[in-house]
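Report on the structure given below.
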């Protein structure tokens, strides 16, 4: 009989113990406590959601009157009654819109994304790819986020971050950049909260 999988990272172990699918859940939890992002009844769009830990936490916070639409190119195992998971390429704006309409929604209250490129180890390339992916998230938010809604996304720090933040500021009243304590020390990942 094989031994059960035990992660070797403390936060990964905590996630395993708490029945969350990934350690990244604690990043969203921290952001939620800091910026008061999630509350009962919200319509949430989780982009690049696999394996689903952000959707798990969001599901708990929005309660039975809220709902999460979780999209990813990978299959996401079912999460909860208030979470709809769909295999979908998020770069296909029309398809994303179709999935939103299937739920009877026009717009969403919140867009969240923990998207990251496959890393190369070359920080400038990884940063550039992160900006490119988050540009898709931003464009989807322009289309499907209601006025006064919030956008949360992960981005890798680098030389064009400031220019990207300035683009976000043209659309959102408030844009804040935060380094989560749940991120690994060596990580260049930052979280951007737009409202």
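The values are calculated or read from the model by the stated rules, or taken from the named source; none is laboratory data. What you see is a predicted model; the values in this text were computed from it and never measured. Using ideal geometry, Cβ is built from the backbone for each residue, glycine included, and neighbour counts are taken over all protein chains shown.
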(request) May I ask you to verify whether residue 80 is in a loop (DSSP other than H, G, I, E, B) and either under 12 Å from the mean Cα position of the chain (by Cα) or within 13 Å of residue 114 (Cβ to Cβ) (or both)? (result) no
(message) Out of everything in the stretch 19-41 that is surrounded by 13 or more Cβ atoms within 10 Å (Cβ to Cβ) and not in a helix (DSSP H, G or I), what residue ends up being modelled with the lowest pLDDT?
(response) 21
(request) Go through the stretch 145-174 and count every residue that is over 29 Å from residue 105 (Cα atoms) and assigned to a helix (DSSP H, G or I). (result) 4
(request) Find the residue count for the stretch 169-195, including only residues that are more than 21 Å from residue 124 (Cα to Cα) and modelled with pLDDT of 90 or more. (result) 11
(request) Mind listing whichever residues of the stretch 48-59 are surrounded by fewer than 24 Cβ atoms within 10 Å (Cβ to Cβ) and within 8 Å of the chain's Cα centre (by Cα)? (result) 48
(request) Go through the residues of the stretch 74-94 one by one and say whether even a single one is free of Cβ contacts under 8 Å to residues at least 12 places away in the same chain, surrounded by fewer than 18 Cβ atoms within 10 Å (Cβ to Cβ), farther than 22 Å from residue 25 by Cβ and out of contact with any strand residue (DSSP E or B) (no Cβ under 6 Å at 6 or more places or on another chain). (result) yes
